[in-house]
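See below for the structure under consideration.
The values are calculated or read from the model by the stated rules, or taken from the named source; none is laboratory data. Predicted model only: the values in this text are computed from it and were never measured. Glycine also receives a Cβ, built like all others from the backbone with ideal geometry; neighbour counts cover every protein chain displayed.
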């Protein structure tokens, strides 16, 4: 071969595999849902501006302001499912006002979602004793015990935070997942108590309904603490 045919034509199979990994020729239409109290730090917004979305694919942001976080997600999903155009889109990306994804974070989540109904980036709770927001190994108990992340891996789990997570929209059409999908629970009764944030409340029911969840630990997401001015 003379080389004049171009670098990508030297190994068409390898080039095609690269294109398929990126999934740019599939429908990757995505609504990004952002619950907010109203003010977002400029450094966080800077990271959002740098976030790449697939070329020539529909991508819009939807802010939900001033609502409790579980209610905000419920309202956003309801709006999307009832909308004549957005209801035909494929994905929902959840992004929270203190999370800072890497520029290629969404592209990597698209690469790794094939076998899953939801896949999220890796971030940690705030503070020196921060814990990874990846919960539970499938088939083990307790169901939502914190899981040690495996570096540069796709790690199947039972639950995630929602700071930077990609959901298939069809997940919310499953009749086994009754509304409200998201609920912050703080209950106590004669048989004991229960507390759960809206994310783990949802993922527990999704896993029990047979849906698969994973964390892509290649996607390392910062968690900004405005009180200490530190990105954890």
Would you confirm whether any residue within region 176-195 is in contact with a helix residue (DSSP H, G or I) (Cβ under 9 Å, 6 or more places away or on another chain), at pLDDT below 95 and part of a strand (DSSP E or B)?
yes
Could you tell me whether any residue of region 9-18 is under 28 Å from residue 157 (Cα atoms) and in contact (Cβ under 8 Å) with a residue 12 or more places away in the chain?
no
Quick one: count up the residues across region 3-46 that are more than 28 Å from residue 168 (Cβ to Cβ), out of contact with any helix residue (DSSP H, G or I) (no Cβ under 6 Å at 6 or more places or on another chain) and assigned to a helix (DSSP H, G or I).
9
Complete set of residues in region 127-157 that are closer than 19 Å to residue 110 by Cα, part of a loop (DSSP other than H, G, I, E, B) and within 17 Å of the chain's Cα centre (by Cα):
152, 153
Output for region 42-60, where each listed residue is touching a residue at least 40 places away in the same chain (Cβ under 8 Å) and surrounded by 16 or more Cβ atoms within 10 Å (Cβ to Cβ)
44, 47, 48, 51, 53, 54
Check whether at least one residue in region 111-124 is surrounded by 17 or more Cβ atoms within 10 Å (Cβ to Cβ), in contact with a helix residue (DSSP H, G or I) (Cβ under 7 Å, 6 or more places away or on another chain), part of a helix (DSSP H, G or I) and at pLDDT 95 or above, and report yes or no.
yes
Within region 47-85, residues closer than 23 Å to residue 98 by Cα, in contact with a strand residue (DSSP E or B) (Cβ under 9 Å, 6 or more places away or on another chain) and not in a helix (DSSP H, G or I) come out as 51, 53, 59, 60, 61, 62, 63, 64, 65, 66, 67, 68
Out of all the residues in region 90-97, is one or more outside any strand (DSSP E or B) and farther than 20 Å from residue 172 by Cβ?
yes
